């Protein structure tokens, strides 16, 4: 039985800190999450991207990997599961604490399918680590997410073998209460950590399969920075131009637990049947995977991929905006505002379909779809004659809008819209990731899962609209 | 067959405090001042009140908030909330009670103490009542200016008004209200403005700027009603109720993708009910003055069309012609409106009725119109598709 990747997806947030941002001193550009994004929302975006064209009902488990989970106690994967519209009750597991969490989840998913305990497991990895302002790490860390569907039929990328080791070391870490990533002196961390362990694990897997560098079409691997990435590639004998997947340091940044899986998604966008790919990740040890691309790869290339996501971008005007969005700068609001109210967990539970899955109802008698879900039809007044209707994947057009200068947002003005969905139905919707100079009646939008606000440790997630990303 | 309210209830006394940032006055203080002015105006004693309704949108609870400060002892009092139509609805209940013959004299009071909240706008108050517990509802996350700005954007688009044309039209409405406010001693704002000031004011919710938004104020107002046959005992110039219409939206703007945002059906239907009761067929000709809900300038523009004062899409022409100024054919918001008299939500309906009452009695001072006979009030509370709208028709 062939086991491997049956689909892949990714998500790169729209905004960039880069040469166009006032107060940004690095020549590199990196992807940064909007104020309403976190590892859960980005994971949901990547999972939805990955599941494009696949039945949600057949996914039996979701493994969610991140080192920046919004909840320390409470499963984060369940929120990703409902936002991605997986089957209710799907097994959900969080993988955390290591930059290898993403490949740990991948390994566990492969093993689950191999063991026959599931036919399809969805892996989602997402991270938005915050470096200390003006630290060296600030220019290398970015935000993003990736997702892989692991299964045993129509496998597009066969997982031939894998190899892992663990290695106890304190190189990068965050302890309870730390907001920023800490590091030890890099002479030590590189010599005794990354450079010592990582090449060995790759070599070991290659040796086991009697592979020389020329036998691999592409190598996709982690590095803490671009210089070490090149150093390891050279040491192992790979040609930088033809064989090594761009680690995206110049355009996206190191996205933590999602990093190598995002690189893999980028590599798969270019892959051809028969390609052999080596994937390797690092973090208190290392994981290496030997992959072989099959004919099925051609069938799943139709989605928005890393390349499209990287090209679709908007420079932050300045470093201050980043600081405010990230919670590093506690800037006074434009006007005194009432505090957000804490949502009731009982009400959140009742409204999972409405708020997290973004489902409405469609009247069975007159056929009109309506959001939020109704029990008495707004058109024909039929009572309780509805079927569930998914709005999250519907495109829509702006019917009217305003720019609310006093709205509760860290990205003012708050763009409030009324949107009409293709296929019928409408909603009041906040628009995110927008350009205030490019708003107009009739503009096409799509829905995106975001965090509205947090109160008393409860993250209140909801869907917003955004201009369709190219 | 229902007969309606026409000529079955009469106002014999009214009171209204000065609206504004009444830092030194509590809600109870304003209730006392407005109600005692009404007692005096009617020539009655507190003990003459048989029943009362108190309206407040963001304030206190229970009928006791009226009983306690006024020492109304052991009479029936109901507390009522219906957004910006709150006070008018309190008035409506009092009118129905005396018309039914259940009581002889009833008191209606509207009150709002907003400025203690510490916010320059409304504290998206309806959220409190409409909360489904998740706070994920347009009434929570869409502020009041934004809710009406959605209508402005669409109105400009539908009728082909450029941003500048639209802003200029709205500015004329605000300038008119500011002028009228200078003639109203009890108004919150007394300041003339120019068109350019209004057009160039800071944006609150694009395309609406500062001068497109009404005042946020404290205030209270009160009315004493009885049956017309009893009213004659108290005064010769009592004012009678000709029509009372209230309707509520059912989220049509949010649910129905053909709801246009360029008219508000709640106003159209409430006006229809009130006009039917009053026997009004041509509102533009038959109504002598109106106090309409101008929470934002765009609301007033749309009201002109929804109330039948201007044809659809043509309100701008009437604004340009000065139709709604004190000197025009149909003066609107003669006391400065919500814009300048101020908008203590639960008190505004009775403040409007107070202005019509005084105008019909010829007691409106420097802004007095020449011999008006029929007046209209209109409140629109909530957000598009979920409004409560109240329209009253009053006459001599």
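Bear in mind that the values in this text are calculations on the coordinates, not laboratory data. The shown structure was predicted, so the numbers you read here are calculated from the model rather than taken from an experiment. Note: ideal-geometry Cβ built from the backbone for every residue, glycine included; neighbour counts use all protein chains shown.
Considering every alpha-carbon pair of chain B, the percent of pairs per 20 Å bin, from zero through the bin containing the longest distance, is 31, 60, 9. For the pair region A:162-227 / region B:304-329, the C-alpha centres are spaced 75 Å from each other.
Counting neighbouring beta carbons within 10 Å and listing from fewest to most, the residues B:335, A:171 come out as A:171, B:335. This ranking places B:297, B:221, B:120 by how few other beta-carbon atoms lie within 10 Å of each, fewest first, which gives B:120, B:297, B:221.
Rounded to the nearest 10 degrees, the inclination of helix A:39-50 to the longest alpha-carbon principal axis of chain A is 80 degrees. Considering only B:156, B:91, B:264, the mean-square fluctuation computed in a Gaussian network model of chain B, springs between alpha carbons under 10 angstrom, is largest for B:156. Sorting the segments A:460-466, A:407-413 by their mean number of nearby beta carbons within 10 angstrom, highest to lowest, gives A:460-466, A:407-413.
Exposure proxy shown here: for A:357, B:158, the number of other Cβ atoms within 10 Å sets the order, fewest to most, as B:158, A:357.
Considering only B:312, B:227, B:92, the Gaussian network model of chain B with Cα springs below 10 Å gives its largest mean-square fluctuation to B:312. Note on B:111-119: average number of Cβ atoms from other chains within 10 Å of each residue's Cβ is 1. The helix-only estimate of mean residue ellipticity at 222 nm for chain A, built from DSSP H runs of length n ≥ 4 each weighted as -39500 (n - 2.57), is -5500 deg cm²/dmol after division by the residue total. The angle between the Cα long axis of helix B:297-306 and the longest principal axis of the Cα atoms of chain B comes to about 80 degrees, rounded to the nearest 10. Put the Cα centre of region A:249-301 next to the Cα centre of region B:1-57 and the gap is 75 Å. Counting Cβ atoms of other protein chains within 10 Å of each residue's Cβ and taking the mean over peptide B:91-100 gives 0. Across q = 0.12, 0.19, 0.20 Å⁻¹, region A:266-400 modelled as identical point scatterers on its alpha-carbon atoms has Debye log10 I(q)/I(0) values of -1.01, -1.10, -1.13, in the order of the q list. For the protein assembly as shown, a Kirkwood hydrodynamic radius built from all Cα pairs, placed in the Stokes-Einstein relation at 25 °C and 0.890 mPa s, yields a translational diffusion coefficient of 82 µm²/s. Inter-chain Cβ neighbour count for B:383-392, averaged per residue, equals 1 (cutoff 10 Å, partner chain atoms only). Between the alpha-carbon centres of region A:377-404 and region A:431-470 there is a gap of 17 Å. The angle between the Cα long axis of helix A:259-270 and the main principal axis of chain A comes to about 90°, on a 0 to 90 degree scale. Estimated from helical segments only, the mean residue ellipticity of chain B at 222 nm is -11000 deg cm²/dmol, where each DSSP H run of four or more residues counts as -39500 (n - 2.57).
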